[in-house]
Amino acid sequence: MEKKITIQDIADALGLSRNTVSKALNNTGVLAEDTRQKILEKAAEMGYRRVIYISDPSPAEKGEVKELALITQNMPYGSHFGTYALNTFQERMSKNNYRLSMFPVRDTEIASLSLPMGFNKEKTAGIICLELFDPEYIEMLGTLGIPLLFLDTAADTDMTQINADFLLMENHLSIFNLTDALIQNGCRRFAFAGNPEHCRSFFERYQGFMHALSANRLDPCTAQFTGRTVFADSKTLEETVRRTLQLPEVFICANDFVAIDLIRALKKCGINVPGDVKVTGFDNSAESRIIEPHLTTVDIPSSKMGYIAADMLLSRISEPDIPYRITHVRTTLKFRASTGELNL
């Protein structure tokens, strides 16, 4: 019989404490990102099969426990919207006698289009994918014939060609309306901060930003903050701020974490937010309400999205032949101090 891999086994293999490994696998506590990723990769390599959540069913509900798989490249943690969505998704699926196990995908598996170590196709009733943005791997999963749901997807995924359901937050119109509101308040110099190619949601936000500028006959004043490299580390970001001769009046950021990194870099360079530059985010994370100034952002109903995701996957499992769905959940603008006083 194959030996069951434990948290202690992973800790011993990496020379780390059991508590540190537990934090990474259970998304609790503060942990350096490189340490977290090293632990997740080692867990996958060793064949650790993590059961994320299952509640005790009531006597009337007891029966066969069916298996679900969470396939991810980067397990969300902290106040990432996916953390809240996953919690409520697990809650609803558990009440329907489904057990959710996490399968982190390593770079080698992405490159070879191989299923994650420990994944059993025959025993898996359904798959949910979160933080999985490789287009070819997404296409491969769509050929498995297993009920499949993506919570966000790759920027260039043709969702009409994948045998799966897709659930996203509404991105385009919310950023269009946010950008347009600032234009109507007299702002003219705008820049998008973040990488539009990171995922579909970022791409749709960028589209909404460009749509609002085009509708008002404006162009972005700089593209230096748009892309993969500028937010790679705090030093690169700060240097980019310092060498930009004329900063925009407004940064529309891909999410709250991009916005918060940018605000910190601006402060280090002696630039006042919102006095000199206005900054907006997306997510309405807990951090957006803590940072000074409090961040104008877009609220995602993350917990409700988890319930919607569960209902979508349950319906796909029970009725495999229903048409595939691409669902966007409405979001809400939250104006705060980082954009100053506005006439709305």
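The values are calculated or read from the model by the stated rules, or taken from the named source; none is laboratory data. Values in this document were obtained by computation on a predicted structure and should not be read as measured data. Cβ: placed from backbone, ideal geometry, glycine included. Neighbour counts: every protein chain shown.
If you check Leu262, Leu314 for being on the phi < 0 side of the Ramachandran plot, in the same structural domain as Leu218 (by TED's automatic domain parsing) and modelled with pLDDT of 95 or more, only one passes: Leu262. Pairs linking a residue in segment 324-344 that is outside any loop (DSSP other than H, G, I, E, B) to a residue that is of a type in the set (Lys, Arg), with Cβ atoms under 8 Å and 6 or more positions apart or on different chains, are Val329/Lys304; Ser338/Lys278; Thr339/Lys278. Considering only segment 94-132, how many residues are within 18 Å of Ala164 (Cα to Cα), in contact with a helix residue (DSSP H, G or I) (Cβ under 7 Å, 6 or more places away or on another chain) and among the charged types (D, E, K, R)? Adding up the residues that qualify gives 1. Give me a count of the residues in segment 275-286 that are buried (at least 17 other Cβ atoms within 10 Å of the Cβ) and either polar (S, T, N, Q) or within 20 Å of Ser174 (Cβ to Cβ) (or both). Summing the residues that are buried (at least 17 other Cβ atoms within 10 Å of the Cβ) and either polar (S, T, N, Q) or within 20 Å of Ser174 (Cβ to Cβ) (or both) in segment 275-286 gives 8. Taking the numbered list (1) in contact with a helix residue (DSSP H, G or I) (Cβ under 8 Å, 6 or more places away or on another chain); (2) modelled with pLDDT under 95; (3) surrounded by fewer than 24 Cβ atoms within 10 Å (Cβ to Cβ) in turn, Ile290 passes all entries but (1).
Screening the candidates Leu182, Leu245, Leu178 for the property of being over 26 Å from Phe81 (Cβ atoms) and not polar (S, T, N, Q) yields one hit, Leu245.
Of all the listed residues (Leu178, Leu141, Leu173), the sole one being over 16 Å from Arg205 (Cβ atoms) and in contact (Cβ under 8 Å) with a residue 24 or more places away in the chain is Leu141.
Taken over segment 107-138, the criterion of being aromatic (Phe, Trp, Tyr) and within 25 Å of Glu204 (Cα to Cα) is satisfied by Phe133, Tyr137. If you check Glu204, Glu239 for being surrounded by 21 or more Cβ atoms within 10 Å (Cβ to Cβ) and among the acidic types (Asp, Glu), only one passes: Glu204. Note on segment 298-327: among residues that are among the basic types (Lys, Arg) and surrounded by fewer than 20 Cβ atoms within 10 Å (Cβ to Cβ), the one that is farthest from Gly126 (Cα to Cα) is Lys304. Taken as a whole, the condition of being at pLDDT below 95 and either assigned to a helix (DSSP H, G or I) or not assigned by TED's automatic domain parsing to the domain that holds Leu218 (or both) applies to Leu237. The set of residues from segment 116-143 being at pLDDT 95 or above and either in a strand (DSSP E or B) or among the aliphatic types (A, V, I, L, M) (or both) comprises Thr124, Ala125, Gly126, Ile127, Ile128, Cys129, Ile138, Met140, Leu141. If you filter segment 167-179 down to residues that are surrounded by fewer than 22 Cβ atoms within 10 Å (Cβ to Cβ) and hydrophobic (A, V, I, L, M, F, W, C), you find that the one that is nearest to the chain's Cα centre (by Cα) is Leu168.
The residues of segment 96-109 that are crowded, with 17+ Cβ neighbours inside 10 Å and not charged (D, E, K, R), listed by number, are Tyr98, Leu100, Ser101, Met102, Phe103, Pro104, Val105. Restricted to segment 242-262, and to residues there that are part of a helix (DSSP H, G or I) and surrounded by 23 or more Cβ atoms within 10 Å (Cβ to Cβ), the residue that is farthest from the chain's Cα centre (by Cα) is Leu262. In segment 88-113, the residues that are on the phi > 0 side of the Ramachandran plot and assigned by TED's automatic domain parsing to the domain that holds Pro147 form Cβ pairs under 9 Å with partners that are surrounded by fewer than 20 Cβ atoms within 10 Å (Cβ to Cβ) and part of a strand (DSSP E or B), at six or more places apart or across chains, as follows: Asn97/Lys66.
Pairing residues of segment 267-292 that are within 20 Å of Phe190 (Cβ to Cβ) with residues that are of a type in the set (Lys, Arg) and buried (at least 20 other Cβ atoms within 10 Å of the Cβ), at Cβ distances under 7 Å and at least 6 apart in sequence or on separate chains, gives Phe282/Arg205.
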